[in-house]
1. Got a number for residues in the range 164-212 being within 25 Å of Thr129 (Cα to Cα) and of a type outside the set (Ser, Thr, Tyr)?
2. So, Glu90, is that one surrounded by fewer than 19 Cβ atoms within 10 Å (Cβ to Cβ) and part of a helix (DSSP H, G or I) or not?
3. Taking the range 120-136 as the search range and keeping residues that are in contact (Cβ under 8 Å) with a residue 12 or more places away in the chain and surrounded by fewer than 20 Cβ atoms within 10 Å (Cβ to Cβ), which one is farthest from Tyr96 (Cα to Cα)?
4. Out of all the residues in the range 110-136, which are within 36 Å of the chain's Cα centre (by Cα) and of a type in the set (A, V, I, L, M)?
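Only the coordinates and a few stated rules stand behind these numbers; no lab work does. None of these values were measured; they are calculated from a predicted model. Backbone-built Cβ (ideal geometry, glycine too); neighbour counts: all protein chains shown.
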Amino acid sequence: MSNVQPAAPATRNRRSDRHAPAKQVTPLPPAPSKKPAAKPGAGKFPVRTCIVLGMVLIICILALGIARGNLNRLHKERENAAAEYQRQVERHTVAYRNEIEKYAAENGIHPAYVAAIILRESSYDPKATSSVGARGLMQVMESTFEFVRKKLGEDNTTFADMYDPTTNIRYGCWYLGYLSRMFNGDPIKIACAYHAGPNNVKLWIMNYTADGQTLTLDEIPKDDSRYYAGKVVNAYDIYYQHYYPDAS
């Protein structure tokens, strides 16, 4: 019989078990955060706002186009007006300047005004004759010639001398000076008096003017005299600016 003893069962050392290292635990991944649900249309431009902005843009483009069109039209109108004025200046030629300046100065009339009267009366044709018998550059009527001749005390001139440029301008300037003194140098009244007679002008001032003194072009009752005076005043302005800017 063998004396071998059965091995004692292994016993656990509880103290050593208590001090054994703990097992490693793998952490779980964090739960996904919940984002707030996006509102419908968030992050996009509202359709209504796009429509409004589009309409505003269209209106701005149209307004800009209209403004540019008006500006171009204004420039064109100015260019046309300047061209027309230049054509008028070219038509306002002047001749017999020495005679005009001499007799205008003697009678206190601006030479540009004399030049305007001659242009309107005869277009600088010394042989011009009207249907009522007026003659020469300043279209002097026979009754006016006789009136001036007596005032000048001349016996050696005749109505035929109104075809002579120098004599015609001398008589015409004297008569303009006479009318200028009568109407205080008013260019409209003088032109009307030269065309229709001073007595008619006095009646117009009395019956048709707002203040009984100033006669405007619109207040002239006769169409032909209104047209005549307007042409004279316009020509006077052109001659003044382009031919006699320094004349007193």
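1. 25
2. Values: surrounded by fewer than 19 Cβ atoms within 10 Å (Cβ to Cβ): yes; part of a helix (DSSP H, G or I): yes.
Against the criterion (surrounded by fewer than 19 Cβ atoms within 10 Å (Cβ to Cβ) and part of a helix (DSSP H, G or I)), Glu90 qualifies.
3. As a first pass, look at the range 120-136 and keep what is in contact (Cβ under 8 Å) with a residue 12 or more places away in the chain: 120-122, 124-127, 134-136.
Filter again for surrounded by fewer than 20 Cβ atoms within 10 Å (Cβ to Cβ), leaving 124-127, 134.
Working: Tyr124: 9, Asp125: 11, Pro126: 10, Lys127: 14, Ala134: 19 Å.
So the residue we want is Ala134.
4. Residues satisfying the conditions are Ala112, Val114, Ala115, Ala116, Ile117, Ile118, Leu119.
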